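The values are calculated or read from the model by the stated rules, or taken from the named source; none is laboratory data. Just so it is clear, the structure is predicted and the values come from calculations on it, not from any experiment. Because the Cβ atoms are built from the backbone with ideal geometry, glycine has one as well, and the counts that use them run over all protein chains shown. The area values use the complete protein model at the heavy-atom level, side chains included, leaving out ligands, DNA and RNA. Shrake-Rupley method; radii C 1.70, N 1.55, O 1.52, S 1.80 Å.
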Amino acid sequence: MIRVGIIGATGYAGIELVRLLYSHPDAIITQIISQSFVGKKISDVYPHLKGILDIECRELNTDELSAQCDVVFTSLPQGTSGEVIPSLYNAGCTIIDLSADFRFHDATVYEQWYKMPHPAPQLLPDAIYGLPELHRADIAKARLVGNPGCYPTATLLGLAPAVKAGAIDTSSIIVDVKSGVSGAGRASSLEYSFCECDEDMKAYKVAQHRHTPEIEQELSILAQNDVVISFTPHLIPMKRGILATIYATLKDDISLEALLNIYKNFYKDEPFVHIYENGTLPSTKAVAGSNHCHIGLTVDERTHRIIITSAIDNLVKGAAGQAVQNMNIMLGLNETAGLASPGYYL
């Protein structure tokens, strides 16, 4: 069995890792790290685990962690992950980081958008951007993966086939994304309280959201030229889920049927990406609790645009599930191990 440690296990993404890894056929959780709940059982922090997983939350000790774990998931804030990971990496651990610290090729881009010095720029050449549908071969050879953000996952999966095929004008991309409140994390603040969020919807960090350069980096690789997008996230009053609505101008007259074929061929061997048939569009309820991404396409002939809708669960395919998928690839396991179950509809 693969020995797994989770740093930051009591956040929303962290506890999804616990849930998924507990049922993983090839893994056993040996360490749960939570500085906020040291000495408490994880089942006392999250009672749905009572009698199922009663392991005690421990203080971070990197020497102990590297000795007892083959794989370490880090679910920590930006900057903090990069301070912890070098010693674990040097000790030989396989690491999947859920922060933004190892998603960028260029430390200056990270520093520009995250307003802090990069904590471990020496490791960036070794880190692979962990979107399996784009970088599976490199992930398989890596020991350090920067797990993508939830907004970039939905956006990139929605855009990748059209960009790779050269079907759209990459200077015209507009991304409008709606997210459930769990995307903001478990830490409490007034703007995410029930009375502030319920019966409300709002855009935030317009033209300055920190996931923007991550999306642009990957689209630029696909397009083989620099891509700049307009990206606007919205907070909506539901717990989990992301729906991206993406607009781009088509380069040529191309039918919806031809575009659907491009998408189906691009994702034909992907276990977690599903293309809707002509005339149907995805919703967040269809992917809740699962590692799946559902994509639908519309062609607006009047404006000569393609409209792409992409739905994921922000805590699973947008975080913990994708991290487990990356672990499976890195260790040569069945890629769907621990992730094959459908989500929940209600």
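Descriptive notes on the structure:
- Residue in the stretch 130-142 that is aliphatic (A, V, I, L, M) and assigned to a loop (DSSP other than H, G, I, E, B) present: yes
- Subset of the stretch 172-204 (residues that are under 20 Å from Glu214 (Cα atoms) and at pLDDT 80 or above): Ser172, Ile173, Ile174, Val175, Asp176, Val177, Lys178, Ser179, Gly183, Ala203, Tyr204
- Residue list for the stretch 20-45, restricted to those being touching a residue at least 60 places away in the same chain (Cβ under 8 Å) and crowded, with 16+ Cβ neighbours inside 10 Å: Leu20, Leu21, His24, Ala27
- In the set (1) at pLDDT 95 or above; (2) within 28 Å of Ile6 (Cα to Cα); (3) not hydroxyl-bearing (Ser, Thr, Tyr), Ala244 fails one condition alone, (2).
- In summary, strands (runs of 3 or more DSSP E) completely within the stretch 149-264 and bearing 2 or more residues that are more than 19 Å from Asn314 (Cβ to Cβ) and open to solvent by 30 Å² or more (accessible area, probe 1.4 Å) occur at 242-249.
- For the stretch 1-19, a residue qualifies if it is touching a strand residue (DSSP E or B) at 6+ places or on another chain (Cβ under 6 Å) and surrounded by fewer than 24 Cβ atoms within 10 Å (Cβ to Cβ), and the qualifying residues are Met1, Ile2, Arg3.
- Candidate set: the stretch 302-334, residues that are hydroxyl-bearing (Ser, Thr, Tyr) and open to solvent by 10 Å² or more (accessible area, probe 1.4 Å); chosen: the one farthest from Asp176 (Cα to Cα): Thr303
- One residue stands out in the stretch 60-79 among those that are hydroxyl-bearing (Ser, Thr, Tyr) and under 15 Å from Asn147 (Cβ atoms): the one that is most open to solvent (accessible area, probe 1.4 Å), namely Ser75.
- When Glu56 is tested against (1) touching a residue at least 12 places away in the same chain (Cβ under 8 Å); (2) over 21 Å from Met1 (Cβ atoms); (3) open to solvent by 20 Å² or more (accessible area, probe 1.4 Å), just one condition goes unmet, and that condition is (2).
- The stretch 121-157, residues that are out of contact with any helix residue (DSSP H, G or I) (no Cβ under 8 Å at 6 or more places or on another chain) and aliphatic (A, V, I, L, M): Ala127, Ala137
- If you go through the stretch 203-233 and pick out every residue that is of a type outside the set (Asp, Glu) and under 17 Å from the mean Cα position of the chain (by Cα), you end up with 10.
- Residue match in the stretch 284-300 (condition: touching a residue at least 12 places away in the same chain (Cβ under 8 Å), more than 30 Å from Ala337 (Cβ to Cβ) and open to solvent by 70 Å² or more (accessible area, probe 1.4 Å)): no
- Residue list for the stretch 74-98, filter: among the hydrophobic types (A, V, I, L, M, F, W, C) and over 20 Å from the mean Cα position of the chain (by Cα): Val84, Leu88, Ala91, Cys93
- Residue count for the stretch 265-275 satisfying the condition of being open to solvent by 20 Å² or more (accessible area, probe 1.4 Å) and either of a type in the set (A, V, I, L, M, F, W, C) or under 12 Å from Gly158 (Cα atoms) (or both): 3.
- Residue in the stretch 332-344 that is outside any loop (DSSP other than H, G, I, E, B) and in contact with a Ser or Thr (Cβ under 9 Å, 6 or more places away or on another chain) present: no
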